[in-house]
Amino acid sequence: MIHCYARAMPIPPPEITYVTNPRVVCDGATATHPALGHPRVYLAIDEKGYVECGYCDRRFILKGGPADHPSAGRGETNQTVTP
């Protein structure tokens with residue numbers, strides 16, 4: 001009898017961006033591919049201290065908020081966005 005165990009490929013962690021304003025905008029564009037992305041969405045960070053984009057899963061963490069601690073990072077980038 002042959003058993004085949006399929007392993008699901010792990011989902012890469014979302015990009016994390018630290019922000020200073022609780023209202024953020026995401027269009028999915030990156031520095032290397034600014035034309036690629038998704039419709040622009042406006043997001044508000046709530047009492048958890050972070051919000052994730054529903055299109056690209058980019059996580060925005062409010063600096064100094066409840067989610068701004070070393071164990072909160074998943075695929076962390078050191079980008080800071082200020083309005």
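The values are calculated or read from the model by the stated rules, or taken from the named source; none is laboratory data. Keep in mind that what you see is a predicted model, and the values were worked out from it rather than measured. Heads up, the Cβs are rebuilt from the backbone with ideal geometry, glycines too, and the neighbour counts pull from every protein chain shown.
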* To do: Report yes if some residue within segment 7-22 is assigned to a loop (DSSP other than H, G, I, E, B), of a type outside the set (V, I, T) and at pLDDT 90 or above; otherwise report no.
  => yes
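Taking strands (runs of 3 or more DSSP E) that do not extend beyond segment 37-83, which have at least 2 residues that are loosely packed, with under 14 Cβ neighbours inside 10 Å, at pLDDT below 85 and in contact with a Pro (Cβ under 6 Å, 6 or more places away or on another chain)?
On the way: elements: 41-44, 50-52, 59-62, 76-81.
Once the strands (runs of 3 or more DSSP E) in segment 37-83 are filtered for at least 2 residues that are loosely packed, with under 14 Cβ neighbours inside 10 Å, at pLDDT below 85 and in contact with a Pro (Cβ under 6 Å, 6 or more places away or on another chain), nothing remains.
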